[in-house]
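Q: Take a look at the following structure, please.
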Amino acid sequence: MQNDDYAGAMRAAGWYGEIFGREGFFLELADHGLDDELKVNHGLLSLARELNLGIVATNDSHYLDHSDHRAHEVLLCIQTGKTLADPDRMRFPSDQFYFKSPQEMGKTFEELPQALAASVEIARRCRLDLELDPLGGKLPAYPVPEGHGGESEYLRELVRSKLPERRPEYGGNGFNRANRAERATPPANRATPLAKPLVSIEENGDEYGARLAEELNIIEAMRFPGFFLIVWDIIHQARQMGVEVGPGRGSAAGSLVAYVLGITDIDPIEYGLLFERFLNPERVNLPDFDLDFADDQRERVIEYVKRKYGEANVAQLITFSRLGARAVIRDVGRVLGVPLEAVDRVAKLVPFGPGVTLAGALETTPELKLIQREDPLIAEVLGYGRSLEGLVRHAGTHAAGVVLSDHPLDEMVPMYTGNTTQYDGSSVEKVGLLKIDFLGLKNLSVIRDCLELVYRRHGKRIRPEDIATDDPKTYELLKRCDTAGVFQLESEIARDVLRRVAPDNFRELIPVLSLFRPGPLGSGMTETYIKGKHGTTPISYPHPSLEGVLAETFGVMVYQEQVMQVASTLGGFTYGRADLLRRAMAKKTGELDSFREEFIRGAVGKGMDAKLAAQVFDQIIPFASYGFNKSHSAAYAVVTYRTAWLKANYRPEFMAALLSHELSDEDRIAFYLGQCRHDGLEILPPDLHRSSTHFTVEESNGGTAIRFGLGAIKNVGLGAVGEMIAEREKNGPFASLKDLALRLGTQQVNKRVLESLVKSGSVDCLPGTRSQKYAAVESILETAAAEQRDMQMGQESLFGGKTGEKPADPLDSNLEPWNEHEKMRGEKETLGIYLSGHPLTCHRAVIERFATTDLARVQRLQGGESLRVAGVFTQITRKLD
């Protein structure tokens, strides 16, 4: 129609009318104030009359209100990388592309009321109510081995067979005797929506048998045996493949079934973890299993899952990156042409952290509000920023989320590129698909590699799960905050809390991982806990009956599970109901009033005064907002302890493994090497003939040293390093740089690689000084390339001369060696640190006289102390007013 082809438009409209029926095909009219639309609309109305077709009035809506059109232009510039001043930028032809009100649409199409009515009719016809099964109706079936019954029977069989591995007292047929299907009375604080009676428990206080019975029956009632079997199989297979598996994450650590099956590695009964925090029989939702694997082995596990359940049935989740408060300031500032320095200064005034908004930042940051008031351009940036904040910037693949189905996923959900779902995590759960987070945890890789170094050096084969949690050396290390490299305890805030808590045992370590979070710190919970632990203030409880619940945390409700236990102890709630209360308190939902009445009724029923019960309920609410998941804290404390234990008992091996997993982070390597030196560990330079890709441990001068890994040298690359080591191990040491270039090829060993090897000191083992070898690099590469070409033509032997003769480098004997400062500059450039010396060595006497500490010790000092340090400025950042 726009091209004046009325006959063609009529043929197309007639064809669609025949296909969809005259009642099911409409001609769309739109009016955004464009001249072309007037012509098109006139033609469409003529077609509708001639062909007896319906018409419908619409408006192409890209933003909500008319006032948003300018912000939409800014958003388009962010998307396309343009500025508003760019005449060639993408732009819409008018400002009418917004969601118009019924009154506005009525005015625009006042002569065509039937077109407006048609939009309502189409919406009515398109209404679709989907029946979703959020309880995993689309879970893949676990392939139970033949002869083992169904999923429920096989899960029980696995639990029975593996319980003695966790609790040796259940060996023989002790648990089998307790597995008779006789009804048992459940504890008062546990609900009983069970598919079958609880397993019979012997009259001997069999706590583990009773807990397993309750969990298994709830799992069966909620139709999740297959889910547990799938997760067990993934963990079991990962271990069979030699993949390091974490001890647990999140609320799953509260399941005894998960512990017995080896899915988690912390006993929930021993540490008071609640199953209902993980799987609540009174709340319809899929359990949330988050699995930690060594970060460099995670993909192997995902590939196994694809092979097991079918490539088409497994995909990764999409994730949406949104415009956050700081990012949107930088994006809008660029679009408006605001100088980068000014934009950066404003962005840094926005508090850092999750949930921070520009509106909130303007309320809490006076300086930001002042700039907004005094600088019109910054005010414009903030105005557009508030309009665009929170919008999706781009889509990507979720770092951990994997979804499984019993059918090809493209039949269940819309798919995105790269075998990724278009639904995010919460959406796939709503349609009943199984989501599991496969997370890569670097610390697990460090633990694995450290234990391998321990085995090579000491002949001791230690498994992570065999590390006892009662080692005095470990708690001494934690108390002195020697936690560089220790999981979760490296930050300044975490170390400060750790120092003040000073844990004496594993139970006291668990809350440390909760207490350094912003909520407990800001609410005063952390301070109250610390004072209670050290006896500087008396411990009090909201009610005497809660001492058993709160004694371990000195009267403070540190954990979400404690909120649930309080509701159960005082209010008579089941743990499932208490979990719903906890959620309502944390989110301040409208259900809180009804829960309050229920709590008071339950407490009164237990003999408590109603007024006191109301006071206790009100005291609980703040704790519910700040409380941390104890199951998660306990599981992660296991990783924390294991890293601390390795550092306390095998420091050289631990630091070498830690450094090996920071190869690409120059700052972290420099920091950890500084810690090593402070601890008396010698750092040996990289050596082409002795170094591995990673950092290793050697004996040196009667002590222990760490050898720098070739993989940490800048501009060399892991590919080239791997080829060097493989060639060295296969055909022996290299005779010269030319020998290296000939044997590996000048594509793999180029100019940047050779120069970096020279500057770093890695080829000091080869003839010549660093200056001679550096000057000869170009000549070496030219002759090596020529000889390689000749070799390919069959004109020379591999080494270019007589048989067995090793190629030598063309070294200039008249060239002066680099002085110490030149050598150190090259090391700093390629290694990130000084190895052969330090620029301040010549000032040692002055430093020892005036400096009170060094940078490695600064982290371990208490706040408020005065200090003097000596150092070298490596970078200057200018702060503009």
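Q: Out of curiosity, is THR397 among the β-branched types (Val, Ile, Thr), without any contact (Cβ under 8 Å) to a residue 60 or more places away in the chain and farther than 25 Å from ASP86 by Cα? Break it down stepwise before answering.
A: Details: among the β-branched types (Val, Ile, Thr): yes; without any contact (Cβ under 8 Å) to a residue 60 or more places away in the chain: no; farther than 25 Å from ASP86 by Cα: yes.
No.
Q: OK, next. Under 6 Å by Cβ, and 6 or more places apart or on different chains, what pairs join a residue from region 732-761 that is closer than 16 Å to LEU710 by Cα with one that is part of a helix (DSSP H, G or I) and aromatic (Phe, Trp, Tyr)?
A: Listed pairs, sorted by first residue: VAL758/TYR774.
Q: Counting only residues that are over 19 Å from TYR541 (Cα atoms) and either over 35 Å from the mean Cα position of the chain (by Cα) or among the aliphatic types (A, V, I, L, M) (or both), how many does region 579-601 have?
A: Within region 579-601, residues that are over 19 Å from TYR541 (Cα atoms) and either over 35 Å from the mean Cα position of the chain (by Cα) or among the aliphatic types (A, V, I, L, M) (or both) number 12.
Q: Next up: Just give me the residues in region 431-459 being under 14 Å from LEU659 (Cα atoms) and more than 19 Å from the chain's Cα centre (by Cα), in sequence order.
A: Narrowing region 431-459 to residues under 14 Å from LEU659 (Cα atoms): 442-450, 453.
Within region 431-459, ARG448, ASP449, CYS450, LEU453 qualify.
Q: Within region 575-593, does at least one residue satisfy the condition of being part of a helix (DSSP H, G or I) and of a type in the set (S, T, N, Q)?
A: Quick first cut of region 575-593, residues part of a helix (DSSP H, G or I) only: 575-587, 592-593.
Still in the list and also of a type in the set (S, T, N, Q): none.
No: region 575-593 contains no residue that is part of a helix (DSSP H, G or I) and of a type in the set (S, T, N, Q).
Q: Taking region 699-717, which residues are part of a loop (DSSP other than H, G, I, E, B) and either closer than 18 Å to VAL454 by Cβ or touching a Leu at 6+ places or on another chain (Cβ under 8 Å) (or both)? So that I can check it myself, show each step before the final result.
A: Start the filter on region 699-717 by keeping residues that are part of a loop (DSSP other than H, G, I, E, B), which leaves 701-702, 708-709, 713-717.
Once the filter is applied, which keeps residues that are part of a loop (DSSP other than H, G, I, E, B) and either closer than 18 Å to VAL454 by Cβ or touching a Leu at 6+ places or on another chain (Cβ under 8 Å) (or both), region 699-717 yields PHE708, GLY709, ILE713, LYS714, VAL716.
Q: Now for a different question. (1) among the small types (Gly, Ala, Ser); (2) under 19 Å from the mean Cα position of the chain (by Cα); (3) not assigned by TED's automatic domain parsing to the domain that holds GLY401: which one isn't true of GLY310, the others all being true?
A: Single failed check for GLY310: (2).
Q: Only one of GLY396, GLY390 is within 26 Å of HIS66 (Cβ to Cβ), in contact with a strand residue (DSSP E or B) (Cβ under 9 Å, 6 or more places away or on another chain), of a type in the set (Gly, Ala, Ser) and surrounded by fewer than 20 Cβ atoms within 10 Å (Cβ to Cβ); which?
A: Answer to the selection: GLY390.
Q: Return the only residue of LEU477, LEU489 being in a helix (DSSP H, G or I), touching a residue at least 12 places away in the same chain (Cβ under 8 Å) and not acidic (Asp, Glu).
A: Working: LEU489 fails: in a helix (DSSP H, G or I).
Within the list LEU477, LEU489, the selection yields LEU477.
Q: Shifting gears a bit: Does region 54-94 hold any residues that are under 23 Å from ASP36 (Cα atoms), touching a residue at least 40 places away in the same chain (Cβ under 8 Å) and part of a loop (DSSP other than H, G, I, E, B), and which are they?
A: ASN59, PRO93, SER94
Q: Something else now. Filtering region 482-500 down to residues that are surrounded by 21 or more Cβ atoms within 10 Å (Cβ to Cβ) and of a type in the set (A, V, I, L, M, F, W, C), which residue is nearest to GLY674 (Cα to Cα)?
A: That would be ALA484.
Q: Exactly one of (1) outside any loop (DSSP other than H, G, I, E, B); (2) surrounded by 16 or more Cβ atoms within 10 Å (Cβ to Cβ) is unmet by PRO503. Its number?
A: (1)
Let's see how each residue does on (1) at pLDDT 90 or above; (2) among the β-branched types (Val, Ile, Thr); (3) in the same structural domain as PRO414 (by TED's automatic domain parsing):
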| site | (1), (2), (3) |
| --- | --- |
| VAL335 | yes, yes, yes |
| PRO351 | no, no, yes |
| THR365 | no, yes, yes |
| GLN372 | yes, no, yes |
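Q: Now for a separate question. Kindly state which helices (runs of 4 or more DSSP H) lie completely within region 616-693 and contain at least 2 residues that are touching a Pro at 6+ places or on another chain (Cβ under 8 Å). Write out each step before concluding.
A: Details: elements: 630-649, 651-660, 666-678.
Hits in region 616-693: 630-649.
Q: Hey, among the residues in region 474-492 that are in contact with a Phe, Trp or Tyr (Cβ under 8 Å, 6 or more places away or on another chain) and within 27 Å of THR264 (Cβ to Cβ), which one's modelled with the lowest pLDDT? Full working, then the answer.
A: Restricting attention to region 474-492, the residues satisfying the condition of being in contact with a Phe, Trp or Tyr (Cβ under 8 Å, 6 or more places away or on another chain) are 474, 484-485, 487-488, 491.
Now drop any that are not within 27 Å of THR264 (Cβ to Cβ), which leaves 474, 485, 487-488, 491.
On the way: THR474: 98, GLY485: 96, PHE487: 97, GLN488: 95, SER491: 92.
So the residue we want is SER491.
Q: Scan region 372-383 and give yes if some residue there is assigned to a loop (DSSP other than H, G, I, E, B) and under 30 Å from ALA85 (Cβ atoms), otherwise no.
A: Within region 372-383, the subset assigned to a loop (DSSP other than H, G, I, E, B) is 375.
Pick out the ones that are also under 30 Å from ALA85 (Cβ atoms) and you get 375.
Yes, region 372-383 contains at least one residue that is assigned to a loop (DSSP other than H, G, I, E, B) and under 30 Å from ALA85 (Cβ atoms).
Q: Hey, can you tell me all the residues within region 623-679 that are under 21 Å from SER692 (Cα atoms) and aliphatic (A, V, I, L, M)?
A: Listed by number, the residues that qualify are MET655, ALA656, ALA657, LEU658, LEU659, LEU663, ILE669, ALA670, LEU673.
Q: Going through region 307-316 one residue at a time, which ones are hydrophobic (A, V, I, L, M, F, W, C) and either in contact with a Lys or Arg (Cβ under 7 Å, 6 or more places away or on another chain) or surrounded by fewer than 17 Cβ atoms within 10 Å (Cβ to Cβ) (or both)? Don't jump to the end; show me each part of the working.
A: Narrowing region 307-316 to residues hydrophobic (A, V, I, L, M, F, W, C): 312, 314-315.
Within region 307-316, ALA312, VAL314 qualify.
Q: So, in region 523-568, of the ones that are touching a residue at least 60 places away in the same chain (Cβ under 8 Å), part of a helix (DSSP H, G or I) and not aliphatic (A, V, I, L, M), which residue ends up nearest to ALA586 (Cα to Cα)?
A: Here the answer is GLN560.
Q: Further, regarding this structure: Can you tell me how many residues within region 813-840 are part of a loop (DSSP other than H, G, I, E, B) and under 36 Å from the mean Cα position of the chain (by Cα)?
A: Quick first cut of region 813-840, residues part of a loop (DSSP other than H, G, I, E, B) only: 813-819, 832-840.
Going one step further and asking which of them are under 36 Å from the mean Cα position of the chain (by Cα), we end up with 832-835.
Here the count works out to 4.
Q: Give region 506-533 a look and list any residue that's within 20 Å of the chain's Cα centre (by Cα) and surrounded by 17 or more Cβ atoms within 10 Å (Cβ to Cβ), or say none.
A: Listed by number, the residues that qualify are LEU513, SER514, PHE516, ARG517.
The values are calculated or read from the model by the stated rules, or taken from the named source; none is laboratory data. Since the model is a prediction, treat every value here as computed from it, not as a measurement. So basically every Cβ, Gly included, is an ideal-geometry build from the backbone, and we count neighbours across all protein chains shown.
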